[in-house]
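Since the structure comes first, as structure tokens, the remarks are kept for the end.
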Amino acid sequence: MSHKLIDIKVVEPRILSVTIKNYKKRNALSDSIKIELEKLALELRDNTEIIAIILSGEKGVFSSGNDLNEKNAFGEGLDLLKARQQNRLGLRMCDAWTNLPQITVASIEGDCIGGGVSLALSCDFRFCSENAYFFAPEVDIGITYSWGSIPKLVSLVGPAKAKIITIACKKIDAKTALNWGLCEEIAKDPFGTGTRIAFDVSLPSNAGIAFATALPAPVSVITIFKAADLPLLFLVCILSTKF
């Protein structure tokens, strides 16, 4: 796999780290980065050697969202067909990450803005640093939510809080995010914490062996839970139970 704008490496046996590398723009999601992240997710979809993926941004910033200063942002200056394709890049990227069979963890430090929120919501778990915050400014700047984030947000925090985030454009700090259910934990090292949780969840203990034996390894249990839309924290409880 050759990707220039994202850094990819194995950090633990069968656990992959994916880092967005665009710090000069606070890890903004350029069209090229969206395409690379989508392609990577599609490449990993059938990779049975990788059981979990940790997504982060370089130098202590998760992502400042869609690159609004990029040429042809929102399809401006393009014909209708190309503009539609351009505007679907973010949704395609998020859909690809949402549909990954592996466990996915967003390690969030600093900015998590706009499209960065959508990308984080496309992961199964979110672990935040103390200085992390979520901010969805789309309404304030006059653009639509088109990356599939609203249903995911509502499922996590409920309709009322989702409206506070998306309509009132309230900035949500890490403590509020934890209280609202937008992240699982605040940690000094969210990457390390996320990696440990991903490893624990991805490898069934004795409690999950009977459930998994008839299914293809290594992501069979996770795949079944995700396909059935069952809470992944329920899966954590099952796999951590000792009989």
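Readers should treat all values here as calculations from the given coordinates under stated rules, not as data from a laboratory. These figures come from a predicted structure and were not determined experimentally. FYI the Cβ positions are ideal-geometry reconstructions off the backbone, even for glycines, and counts take in every protein chain you see.
The simple Förster model, with R0 at 22 Å and r as the Cβ-Cβ distance, assigns ASN69 and GLU130 a FRET efficiency of 0.15.
Would you kindly state how much longer the chain becomes between PHE199 and LYS25 on full extension, computed as 0.36 nm times their sequence separation minus their alpha carbon distance, in nm to one decimal? If you can, show how the numbers build up before the last one.
Working: separation 174, 0.36 × 174 = 62.64 nm, distance 3.15 nm.
So the extension gain works out to 59.5 nm.
The base-10 log of I(q)/I(0) for the stretch 6-195, evaluated at q = 0.08, 0.19 Å⁻¹, reads -0.23, -1.36 [Debye formula, identical scatterers on Cα atoms, solvent excluded]. Applying 1/(1 + (r/R0)^6) with r as the Cβ-Cβ distance of ILE143 and LYS188 and R0 = 25 angstrom yields a FRET efficiency of 0.15.
Working note: Karplus 6.51/-1.76/1.60 with θ = phi - 60° gives the stretch 32-46 the couplings 5, 5, 4, 5, 5, 5, 5, 4, 4, 4, 5, 5, 7, 3, 9 Hz, where Gly and Pro are set to x. Shape analysis of the stretch 80-158 places it in the oblate category; the axes a ≥ b ≥ c from the Cα gyration tensor give an a/c of at least 1.5, with a/b not above b/c.
Count the DSSP beta bridges whose two residues both fall in the stretch 6-195, then state the antiparallel fraction as a percent rounded to the nearest 5.
Numbers: 8 of 29 bridges.
Restricted to the stretch 6-195, the bridges split so that about 30 percent are antiparallel.
Simple rule: put +1 on each Lys or Arg Cβ and -1 on each Asp or Glu Cβ in the stretch 6-195, find the dipole, and look at LEU37, ILE53, TYR145; the Cα lying farthest toward the positive end is TYR145.
Placing unit charges on the Cβ atoms only, positive for Lys and Arg and negative for Asp and Glu, gives the stretch 38-194 a dipole magnitude near 460 debye about its Cα centre. By other beta-carbon atoms within 10 Å, ranking ASP95, ASP111 with the fewest at the front produces ASP95, ASP111.
Which whole-number percent gives the relative contact order of the stretch 6-195, counting Cα pairs below 8 Å spaced six or more residues apart?
On the way: 381 pairs, mean separation 38.2, N = 190.
Relative CO of the stretch 6-195 lands at 20 percent.
Highest-first packing order for the peptide set 151-163, 40-52, 120-132, 188-200 is 120-132, 188-200, 40-52, 151-163, based on the mean count of other beta carbon atoms within 10 Å.
Would you mind getting me the FRET efficiency between ARG88 and ILE167? Use the beta-carbon distance for r and R0 = 25 Å, nearest 0.05.
Working: r = 24 Å, r/R0 = 0.95.
Rounded to the nearest 0.05, the efficiency is 0.60.
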